[in-house]
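Novice: Quick one: this structure, given as structure tokens, is what I'll be asking you about.
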Amino acid sequence: MSDGTGTIGELVGRCLAGLGARRVFVASPLTSADPHVIAPSTEIGLDLHPVGDAELALMLASADGRIGPGPGAAIIDGRRLVLTSAPGITADVVRISDPAYLPGALAGWSLGAVHAAAEYDLDLDLDAPAPPGLDPVVLEDTSDELLTLSPILAEFSTLVLAGPGVVRAGHVNGLRALAAAAGCGVVNSWGAKGVFVWDDPHHYGTIGLQSRDFDLAGLNDAQLIIASGLDPLETPIERWNRSAQVLEVEPWQLSTLAHYWPDPGPVPGPPPLYAQLSSALADRYRSDDVPLAPARAAADLAAVVPPGGLVLADPGPAGLWVARAFPTSEPGSVIVPTAFVRGFAVAGAVVAALAGRPAIAVTTDPVDPTTDAVLELARRWDLSLVVEVWGGDGPLDHAGDHAERLAEALGGPGVDRLDVPVAFAETAILVDVAGDVIAWPRGAAGGWSSRAEN
């Protein structure tokens, strides 16, 4: 327990560190006279990064939180604290005027949601001594009760639907254990790419991007759907919960669900979504065309990014192809946000660079002002990252040059921009198989439609 030493500001810092935050982006320059600054502490591992702009601070914080596993944090106007893992999502402001409520209020920032945003108006004297007995609160996501399903359910045609919460909570191994014990396939939303290697027999494909995904993945034919860690923006329930018996479980419960089921037979073959997309894109992954086939561009990214590296793509045509065609083998290594926000990819690459993690940001031409502003910040901070700008032009003579240039850029210092010619007209291939794009709809922050690329 706390002995009452330290300030309220230091208590805020300890609470953030307890939630898994590792850095705070501050909208205004830091000065010693500012009474509302949370002092950095090597003991708790919380760094402050002055940004000088509220919009950029929020973008960096939301990208940081989306990468996870802890929240991204930003301080706006001296006393407004934002905790977020949801780029493009705003939150109601919660005013805190009693420090006794601080630990619990901050701990509940994402209660009940995989991705969330919370904003707190800290109406407090952060330089005042913290009340005795206040410690950070961490809400556990497990209990001593393990859930197992009746062996009778083993007779059902079963499908598992996994969302980003499984990755965020660190229970990918539990998901894999369930699939092995039940002998069933797993479909994942694009926020959970990599829970299985792309050619694993349990991997049934990525859904939520296009209108026919849910039908082609077999969700409307399954008798039992086990759902876990879902983000409703990626997998709206009205698109998949139609006739099957649905069991929604917390990610930590996955590993024991089929403990008493009989030994499974062979995993049934993949659904039409996987088979049809694989067939339609097989030759495009190997294409030597210039401009590059988008599938080839995505495959090059996967071939070059090192273990522990990160690929981030902006919503729209680049995000669609990365989320759909990137052959993922590592959970959490590919991130495309659920809301249509500009500047996300480079913001995420900046956060990765601050953590010493290799990163490639993928956006489209023309580059938006937010992306330019974040790149300028990265240069000012002397960070190393690569941004690929996919579009109609770029100095690429041969398809094989793409991966070579990318590998060279990853090995170099500073901010390296690569302009890559990509044939986005091939989006028609995806539309022919799985229908119109439903991710990032128009009307939601000015979203995007695949029809503009056909």
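Only the coordinates and a few stated rules stand behind these numbers; no lab work does. For clarity, every value in this text was computed on a predicted model and none was experimentally measured. Counting neighbours? That spans all protein chains shown, and the Cβs are built from the backbone with ideal geometry, glycine included.
Novice: How would you rank 401-411, 184-194, highest first, on the average number of other Cβ atoms within 10 Å across their residues?
Specialist: Sorting 401-411, 184-194 by mean packing, highest first, produces 184-194, 401-411.
Novice: In addition: Under the rule a/c < 1.5 gives rounded, and otherwise a/b versus b/c splits prolate from oblate, where does segment 299-422 land using the Cα gyration tensor?
Specialist: Values: a/c = 1.12, a/b = 1.10, b/c = 1.01.
Rounded, because the longest to shortest axis ratio a/c is under 1.5.
Novice: Nearest 5 percent is fine: what portion of the DSSP beta bridges confined to the chain is antiparallel?
Specialist: Taking every DSSP beta bridge with both residues in the chain, the antiparallel ones total about 20 percent.
Novice: Another one. If R₀ is 60 angstrom, what is the calculated FRET efficiency for the pair GLU140 and ASP397, using the beta carbon separation as r and rounding to 0.05?
Specialist: It comes to 0.60.
Novice: While we're looking at this one, here's another question. Send over the Kirkwood Rh of segment 80-126, from the inverse of the averaged 1/r over different Cα pairs, rounded to one decimal Å.
Specialist: Its Kirkwood hydrodynamic radius stands at 11.1 Å.
Novice: Follow-up. Go ahead and collect, in residue order, the members of segment 333-359 whose backbone nitrogen is under 18 Å from a label point 7 Å along the Cα-Cβ direction of ASP372.
Specialist: The answer is 342-347, whose backbone nitrogens lie closer than 18 Å to the label point.
Novice: Could you list the square roots of 5 times each eigenvalue of the Cα gyration tensor of the chain, that is, the equivalent ellipsoid semi-axes, sorted largest first and rounded to whole Å?
Specialist: Semi-axis lengths for the chain are 37, 30, 17 Å.
Novice: Return, for the Cα atoms of segment 333-377, the radius of gyration and Dmax in Å, separated by a comma.
Specialist: Final numbers for Rg and Dmax: 10.3, 28 Å.
Novice: Under the classification rounded if a/c is under 1.5, otherwise prolate if a/b is larger than b/c and oblate if not, where does segment 8-122 fall, given a ≥ b ≥ c as square roots of the Cα gyration tensor eigenvalues?
Specialist: Rounded.
Novice: Grab the beta carbon distance between SER211 and GLU330, set R0 = 41 Å, and tell me the FRET efficiency rounded to 0.05.
Specialist: 0.90
Novice: Hey, what number do you get for the chain at 222 nm if only DSSP H runs of n ≥ 4 count, each worth -39500 (n - 2.57), divided across all residues, to the nearest 500?
Specialist: When only DSSP H runs of four or more count, the value is -8000 deg cm²/dmol.
Novice: Sort 313-322, 76-85 by packing, meaning the average of other beta carbons within 10 Å per residue, with the highest value first.
Specialist: The densest-packed peptide leads the list: 313-322, 76-85.
Novice: Using 1/(1 + (r/R0)^6) with R0 = 41 angstrom and r between the beta carbons of GLU238 and GLU408, what's the FRET efficiency to the nearest 0.05?
Specialist: Once the sixth-power term is evaluated, E becomes 0.30.
Novice: Something else: Convex hull volume of the Cα atoms in segment 151-268, per residue, in Å³?
Specialist: Given the Cα convex hull of segment 151-268, per-residue volume reads 90 Å³.
Novice: Let me ask something else. In nm, to one decimal, how far is the modelled label at ALA355 from the one at ASP98, with both set 7 Å along Cα→Cβ?
Specialist: Result: 3.6 nm between the two label points.
Novice: For GLY208, which sequence-distant residues (separation of 5 or more, or a different chain) have an amide H within less than 5 Å of its own amide H, given hydrogens modelled in the peptide plane?
Specialist: Counting only residues 5 or more places away or on other chains, the set is ASP213, PHE214.
Novice: OK, next. If you build the convex hull over the alpha carbons only and average its shadow over all orientations, what do you get for segment 63-189? Give it in nm² to one decimal.
Specialist: Details: hull surface 42.1 nm².
It is 10.5 nm².
Novice: Normalized C-alpha radius of gyration of segment 230-339, against 2.2 N^0.38 Å?
Specialist: 1.34
Novice: Something else about it: Once you put a point 7 Å from the Cα of ASP53 and another 7 Å from the Cα of ALA428, both along the Cβ direction, what distance in nm separates them?
Specialist: 3.8 nm
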